Amino acid sequence: MANVYNWQLGRAMTYPFAPGLLTHQFGAVFNINRCIGCQTCTMACKSTWTFSKGQELMWWNNVESKPFGGYPHFWDSKLLSLLGPQPGWTGTPTASAPFGQYTGRTIFEAAPTDAAALGYLPDDLEWISPNIYEDTTSGSPTQTGGIWDGASLPEHKIFFFYLQRICNHCTYPACVAACPRKAIYKREEDGVVLIDQKRCRGYRKCVEACPYKKPMFRPTTGTSEKCIGCYPRLEEGATTRCISACVGKIRLFGWVDDPQSPIHYLVKQEQVALPLYPQFGTEPNVYYIPPRWVPLSYLHQMFGPGVEAALEKYRNPSWELLGVLQLFGATQTILASYEVTATHAIGYDEAGNEAIRVAIEDELVVRPEQHLNIT
C-alpha cells in the first residue's frame, strides 16, 4: 500500500500503489441545472460503442433520476450502506484542502483484508433498466387549503433531478487497484482509464470494486468493458460523443490539471463544480454543478461540503463564470484555454487558435414599428 494525497479529501490516504505521472488528466463538468433528461447523450454513446452482441445491457453513459434511480439499481445507496456512517469533513479550507479534511474512511481504507477496495458485485437483474424510476420524485405533495405543499424556495421538499454519468476516469481508480491481471491502466497522455482486452479474463473484480459501477461484464467475450473516454476523438482534438451530442449544452470537456483550461477554472479556482461522492476516495475527474432546488442534506452526501458555496456562486455568477458557462456545448473542439471579455467568451484549441466565440449577453433587437404584432 502507498500513501497518496487526495486533494478532494484534503489529506493523504492509502491506495494499493503509487500512480504514474500523467501528461494531462481528462476532466469534464456537467451542469445538472440544464439537463432535460432527453437521453441524447446515452444514445450517442450507445450507437457508437455498445451496439454489438453481448452489449445489449451496457450503457457506458446513462442519465438516472435521483434520488431513487440508478444503473445498476441503487448502486450508490448500497455502497453507502456498506461503508457505514462516517464522520465527514472537518477543519478550515485551505489551498491544498479546499473542502477541509475528510476524517472518515475511504473504500480503500475500509476494504476487507482480501480485497483492494470495499465493494459488491451486482446481480444480473440490477443491470436491466438504465433509467429505472425515471422522473420519480422523492415524495408526493399534500394539498392543504388549496395550496400544494411541495416547495419552499430555494429548496423543494419534493424533488428529483437528472444525474448524468460516465466513467469518472479517476485519479485513484478502484478498478485499476482491484484487477488481479493488471489489465486496467490509465493512459499517460490523457488519464483515460482503459481495459486491455487481451489481458482481461473476466474475473469482474473491477465491477465489484468500482464504486460507480462503470466497468461492465460482456458475456459473449468473457471480459469486462467500460467507457473509453472516446480517446480516438481526443487524439483528434475533439470532445467525447456524449459531450458533443448533448442537446441541453450541459457538458464541457477539458484538462483538470491545466490552469489555462476552463475545467480547471470551474473545478479548482471557482469551485462551482464538485466531484461525485468524493468520500469514496477515488478522486473522480467528472464534476457537477449541483442542482439549485434540492435539499442541502442530500447534496452534501452526494457532492461533499462545497455545495453551499458552489450554489451561491452559480446563483450570482461573476462575469468570468458567466462567460465560461456560455462555452458549454458551444463547440466539439477541446478547449485548452479561454478568455472572457466585456462582451464575449472565447475558447482556444491546443494550438492557441480561436475555436469558438460566444456572446455573453444576447443582443437586444427591437421590432420595427411597421412590423409590431399588435392590433
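The values are calculated or read from the model by the stated rules, or taken from the named source; none is laboratory data. These figures come from a predicted structure and were not determined experimentally. Because the Cβ atoms are built from the backbone with ideal geometry, glycine has one as well, and the counts that use them run over all protein chains shown.
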- Of all residues in segment 57-102, which are in a loop (DSSP other than H, G, I, E, B), of a type outside the set (Gly, Ala, Ser) and closer than 17 Å to Pro215 by Cβ? Leu57, Met58, Trp59, Trp60, Asn61, Tyr71, Pro72, His73
- When residues of segment 152-172 are limited to those that are hydroxyl-bearing (Ser, Thr, Tyr) and not in a loop (DSSP other than H, G, I, E, B), the one modelled with the highest pLDDT: Tyr162
- With (1) in a strand (DSSP E or B); (2) over 29 Å from Ser337 (Cβ atoms); (3) touching a residue at least 24 places away in the same chain (Cβ under 8 Å) as the list, and Phe217 as the residue in question, which single condition is left unmet? (3)
- Check whether at least one residue in segment 65-80 is in contact (Cβ under 8 Å) with a residue 24 or more places away in the chain, within 22 Å of Ala273 (Cβ to Cβ) and touching a Lys or Arg at 6+ places or on another chain (Cβ under 7 Å), and report yes or no. yes
- Could you list, in sequence order, the residues of segment 265-285 that are within 14 Å of Leu9 (Cα to Cα) and either modelled with pLDDT under 95 or in a loop (DSSP other than H, G, I, E, B) (or both)? Leu276, Tyr277, Gly281, Thr282, Glu283, Pro284, Asn285
- Subset of segment 1-56 [assigned to a helix (DSSP H, G or I) and surrounded by 13 or more Cβ atoms within 10 Å (Cβ to Cβ)]: Ile32, Asn33, Arg34, Thr40, Cys41, Thr42, Met43, Ala44, Cys45, Lys46, Thr48, Trp49
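The rows are residues; the columns are (1) of a type outside the set (A, V, I, L, M, F, W, C); (2) closer than 26 Å to Gly329 by Cα.
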| residue | (1), (2) |
| --- | --- |
| Gly10 | yes, no |
| Ala18 | no, no |
| Gln25 | yes, yes |
| Cys35 | no, yes |
| Gln39 | yes, yes |
| Thr50 | yes, yes |
| Ser65 | yes, yes |
- Message: If a residue must be assigned to a helix (DSSP H, G or I) and buried (at least 23 other Cβ atoms within 10 Å of the Cβ), how many such residues does segment 229-264 contain?
- Response: 4
- Single residue of segment 85-132 satisfying the filter (in contact with a strand residue (DSSP E or B) (Cβ under 8 Å, 6 or more places away or on another chain) and of a type in the set (Val, Ile, Thr)) that is surrounded by the most Cβ atoms within 10 Å (Cβ to Cβ): Thr106
- Task: Only residues that are farther than 22 Å from Ala111 by Cβ, buried (at least 18 other Cβ atoms within 10 Å of the Cβ) and not polar (S, T, N, Q): list them for segment 209-228, please.
- Result: Arg218, Glu225, Cys227, Ile228
- Item | Failed condition for Glu283, given (1) crowded, with 22+ Cβ neighbours inside 10 Å; (2) charged (D, E, K, R); (3) on the phi < 0 side of the Ramachandran plot | (3)
- Item | Verdict on Glu189 being over 22 Å from Ala111 (Cβ atoms) and among the charged types (D, E, K, R) | yes
- Could you grab the pairs with beta carbons closer than 6 Å, sequence gap of 6+ or different chains, first residue in segment 49-63 and more than 15 Å from Thr240 (Cβ to Cβ) and in contact (Cβ under 8 Å) with a residue 24 or more places away in the chain, second one in a loop (DSSP other than H, G, I, E, B) and among the β-branched types (Val, Ile, Thr)? Lys53/Thr220; Gly54/Thr220; Met58/Thr50
- Message: Suppose we filter Cys200, Cys175, Cys206 for residues that are touching a strand residue (DSSP E or B) at 6+ places or on another chain (Cβ under 7 Å), modelled with pLDDT of 95 or more, crowded, with 18+ Cβ neighbours inside 10 Å and part of a loop (DSSP other than H, G, I, E, B); which single one remains?
- Response: Cys200
